[in-house]
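K.L.:
Quick one: this structure, given as C-alpha cells, is what I'll be asking you about.
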Amino acid sequence: MACAIARAIRDRERVGIGVNSPIPAAGVVLAQRSHAPRLRFRLPGLEGGVPFIGSKEFFDFAQRGELDVFFLSGVQIDMSGRINLHVLGDYGRPRRRFPGAFGSAVLYPAVRRVILFRTEHTPRVFVPRVDFVTAAGTPDRVVTSRAVLGFDNSAGRLVLDSYHPGQSVESVRAATGFELPSRADVGETPAPTADELRVLREEVYPLLAGVYPSFVKQMRSAAASDKAAP
C-alpha cells in the first residue's frame with residue numbers, strides 16, 4: 001500500500017498527512033526519497049516536514065489551496081467515494097459510534113487530490129451507501145490491501161484500476177459490497193521493487209519510528225519474516 005501511494009505522489013507537490021496515517025506517511029517519505037525529492041509534507045513530529053502551529057493553521061493551508069494531496073479513510077466507504085467516520089446504523093440509535101470527522105468534510109472538497117486508503121477491504125467497509133455521510137468529494141484513488149480503485153467521473157463512482165499481487169478482478173469484486181466495474185486496461189498492481197523495499201526498510205522506517213513506533217515494529221517484523229522464509 002505504501003508503494004502504491006508513493007507512486008501516486010508527484011514531485012513538488014504539497015502533501016498533508018494525518019497523525020493517525022502511518023501507511024500514507026511511509027508512502028510520502030518513500031516518494032520523497034525516490035522520485036519526488038522536492039515534495040513538501042506537513043506532519044507534526046516528522047523530521048523534514050514543513051512546520052505549522054496546530055490544526056487551525058493546517059486547515060488554513062487547505063482552504064487557501066496550499067495542499068495538493070491529503071489522505072482520508074473511513075469506517076465505511078461507498079461506491080460514490082463518500083466516507084463515514086461517525087456511526088453504524090441509525091444516527092439516533094446507532095449500533096456503534098465513532099470519534100467523528102475532525103475536519104474531513106472541509107478537507108475532502110478543499111484539497112486538490114484526496115487519496116482514500118483502508119487496510120480492510122471487505123463488504124462491510126465498501127458498501128453501496130454509507131450509513132452516515134461524514135465527508136463527500138471526488139477521490140483521486142482508493143488504495144486498499146487488495147487493490148487500487150479509481151474514480152469514473154462520468155459515472156460518478158469507483159472502478160477497479162488494478163488488483164494487488166495474489167488478488168484478481170474476481171477476488172476484489174467478491175470483497176466489495178457493491179458492483180465494481182473495471183477499467184479497460186485493468187491489471188496487476190506492480191509489486192514493490194527491491195529498491196523500494198530497501199528505501200522503506202533502511203530510510204523510511206527509521207525516520208517514522210519516533211512518530212509511529214508500533215507500525216514500524218510491525219513492518220520490521222514482517223520484513224524479518226520475509227527474509228526468513230524459504
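The values are calculated or read from the model by the stated rules, or taken from the named source; none is laboratory data. Given the structure is predicted, the values throughout are model-derived calculations rather than measurements. Heads up, the Cβs are rebuilt from the backbone with ideal geometry, glycines too, and the neighbour counts pull from every protein chain shown.
Residue by residue, here is whether (1) farther than 21 Å from Ala175 by Cβ; (2) of a type in the set (S, T, N, Q); (3) touching a residue at least 40 places away in the same chain (Cβ under 8 Å) holds:
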{"position": "Met79", "(1), (2), (3)": "no, no, yes"}
{"position": "Ile83", "(1), (2), (3)": "no, no, yes"}
{"position": "His86", "(1), (2), (3)": "yes, no, yes"}
{"position": "Gly92", "(1), (2), (3)": "yes, no, no"}
{"position": "Pro99", "(1), (2), (3)": "yes, no, no"}
{"position": "Ser104", "(1), (2), (3)": "yes, yes, no"}
{"position": "Ala110", "(1), (2), (3)": "yes, no, yes"}
{"position": "Ile115", "(1), (2), (3)": "no, no, yes"}
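For every residue, the table says whether it meets (1) within 30 Å of Pro44 (Cα to Cα); (2) of a type in the set (Phe, Trp, Tyr); (3) in the same structural domain as Tyr108 (by TED's automatic domain parsing).
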site: Val127; (1), (2), (3): no, no, yes
site: Thr134; (1), (2), (3): yes, no, yes
site: Asp185; (1), (2), (3): no, no, yes
site: Phe215; (1), (2), (3): yes, yes, no
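K.L.:
Can Arg14 be described as surrounded by 13 or more Cβ atoms within 10 Å (Cβ to Cβ), within 15 Å of the chain's Cα centre (by Cα) and among the basic types (Lys, Arg)?
P.N.:
Criteria not met by Arg14.
K.L.:
For region 32-51, which positions are buried (at least 18 other Cβ atoms within 10 Å of the Cβ), in contact with a strand residue (DSSP E or B) (Cβ under 9 Å, 6 or more places away or on another chain), farther than 24 Å from Thr193 by Cα and not charged (D, E, K, R)?
P.N.:
Leu43, Gly49
K.L.:
Within region 98-107, track down each residue that is assigned to a loop (DSSP other than H, G, I, E, B) and within 23 Å of Thr176 (Cβ to Cβ).
P.N.:
Scanning region 98-107 gives a single hit, Phe98.
Conditions tested, residue by residue: (1) in a helix (DSSP H, G or I); (2) over 26 Å from Phe178 (Cα atoms); (3) outside the structural domain of Ser21 (by TED's automatic domain parsing).
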site: Gly48; (1), (2), (3): no, yes, no
site: Phe52; (1), (2), (3): no, yes, no
site: Glu57; (1), (2), (3): yes, yes, no
site: Tyr91; (1), (2), (3): no, no, yes
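K.L.:
Among the numbered criteria (1) touching a residue at least 40 places away in the same chain (Cβ under 8 Å); (2) in contact with a Lys or Arg (Cβ under 8 Å, 6 or more places away or on another chain), which single criterion is violated by Tyr163?
P.N.:
For Tyr163, the exception is condition (1).
K.L.:
A further question follows. Starting from residues that are over 15 Å from Tyr163 (Cα atoms) and in a strand (DSSP E or B), keep the ones in region 108-150 and report whichever is farthest from the chain's Cα centre (by Cα).
P.N.:
Selected residue: Val127.
K.L.:
Considering each of Ser221, Ser162 in turn, give the residue that is of a type in the set (Ser, Thr, Tyr) and over 16 Å from the mean Cα position of the chain (by Cα).
P.N.:
Sole residue among the options that is of a type in the set (Ser, Thr, Tyr) and over 16 Å from the mean Cα position of the chain (by Cα): Ser221.
K.L.:
Of all residues in region 135-191, how many are surrounded by 15 or more Cβ atoms within 10 Å (Cβ to Cβ) and of a type in the set (S, T, N, Q)?
P.N.:
Result for region 135-191: 8.
K.L.:
Given Ala105, Ala155, which one is under 18 Å from the mean Cα position of the chain (by Cα) and not β-branched (Val, Ile, Thr)?
P.N.:
Unique residue meeting the criteria: Ala105.
K.L.:
From the list Glu179, Glu196, exactly one residue is outside any strand (DSSP E or B), in contact (Cβ under 8 Å) with a residue 60 or more places away in the chain, among the charged types (D, E, K, R) and out of contact with any Leu (no Cβ under 8 Å at 6 or more places or on another chain). Which is it?
P.N.:
The unique qualifying residue is Glu179.
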